[in-house]
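Each remark here refers to the structure printed beneath this line.
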Amino acid sequence: MKKMILTALSAALVLGLSACADKGETNKTVAQNDKPVISEEEIGLRKETLYTEDGIAPVKADFNKPAPGMSQRFERSYENAPPLIPHSVDGLLPITRNNNACLGCHMPEVASSMGATPIPKTHFMDFRSQKMLDHLAQQRFNCSQCHVPQANVKPLVENKFKPEYRDPEEKKRSNLIDTLNEGVK
């Protein structure tokens, strides 16, 4: 029975596509309701052909170069957003389970003496078992998966987003563990 239904659906799809081909409607953009036709080169942010990468170079980004401890911190993009890395990451990457230079300054017990942002409690929680750990959770070892260096580049698209914070201090720190636990108890 399933084979018969799949065969019928496949035949309908093929017939529908061939009907469009007979009308010359494949492989071109059709203007509907007098809307302007958008070319393929206008779709992406690069304004280049989508079929080749020849001659395409990534945007030149000027990453902040101050050494750790010597840089200006950025406000979070929104409440509980991962903070941006305000310092150079030269020599700190790649991060592996056995080699994570971020921990030397950002572990909670040393962060204040180093002038660094401490790793939040969420990174010490195993969300599968709902238990707090006395060490960094295994799924949180790769800091650069969420935290990225800030680059001085011209935005490709104007951003009018204005974040709202329930507490002004959340611009500088995370309260995600409290937010996750709201209404749980």
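Filter segment 80-103 down to the residues that are within 20 Å of the chain's Cα centre (by Cα) and small (Gly, Ala, Ser), then identify the one that is modelled with the highest pLDDT.
My answer is ALA81.
I need every pair where a residue in segment 63-76 that is part of a loop (DSSP other than H, G, I, E, B) has its Cβ under 9 Å from the Cβ of a residue that is among the charged types (D, E, K, R) and surrounded by 11 or more Cβ atoms within 10 Å (Cβ to Cβ), sequence separation at least 6 or different chains.
Within 9 Å, the pairs are SER71/LYS65; ARG73/LYS172; GLU75/LYS171; GLU75/LYS172; ARG76/GLU170; ARG76/LYS171; ARG76/LYS172; ARG76/ARG173.
If a residue must be in a strand (DSSP E or B) and farther than 22 Å from VAL59 by Cα, how many such residues does segment 120-161 contain?
Final tally of qualifying residues: 4.
Scanning segment 94-119 for residues that are among the small types (Gly, Ala, Ser) and assigned to a loop (DSSP other than H, G, I, E, B), which turns out farthest from ARG73 (Cα to Cα)?
For segment 94-119, the residue satisfying everything is ALA101.
Find the residue count for segment 162-185, including only residues that are in a loop (DSSP other than H, G, I, E, B) and surrounded by fewer than 12 Cβ atoms within 10 Å (Cβ to Cβ).
8
I'd like the full set of residues that are loosely packed, with under 13 Cβ neighbours inside 10 Å and polar (S, T, N, Q), limited to segment 103-157.
Hits for segment 103-157 are SER112, SER113, SER129, GLN130, GLN138, GLN139, GLN145, ASN152.
Does PRO83 qualify as being part of a loop (DSSP other than H, G, I, E, B) and within 30 Å of ASN159 (Cα to Cα)?
When the stated conditions are applied, PRO83 passes them.
Looking only at segment 40-57, which residues are modelled with pLDDT of 75 or more, closer than 24 Å to ALA151 by Cα and not hydrophobic (A, V, I, L, M, F, W, C)?
Listed by number, the list holds a single entry, GLY55.
Only one of these is part of a loop (DSSP other than H, G, I, E, B), modelled with pLDDT under 55, of a type in the set (A, V, I, L, M, F, W, C) and over 22 Å from GLY115 (Cα atoms): VAL14, VAL30, VAL37. Name it.
None of the others qualify; the one that does is VAL30.
The values are calculated or read from the model by the stated rules, or taken from the named source; none is laboratory data. This is a predicted model, so every value here is computed, not measured. All Cβ positions, even for glycine, are placed from backbone atoms using ideal geometry, and neighbour counts span all protein chains on display.
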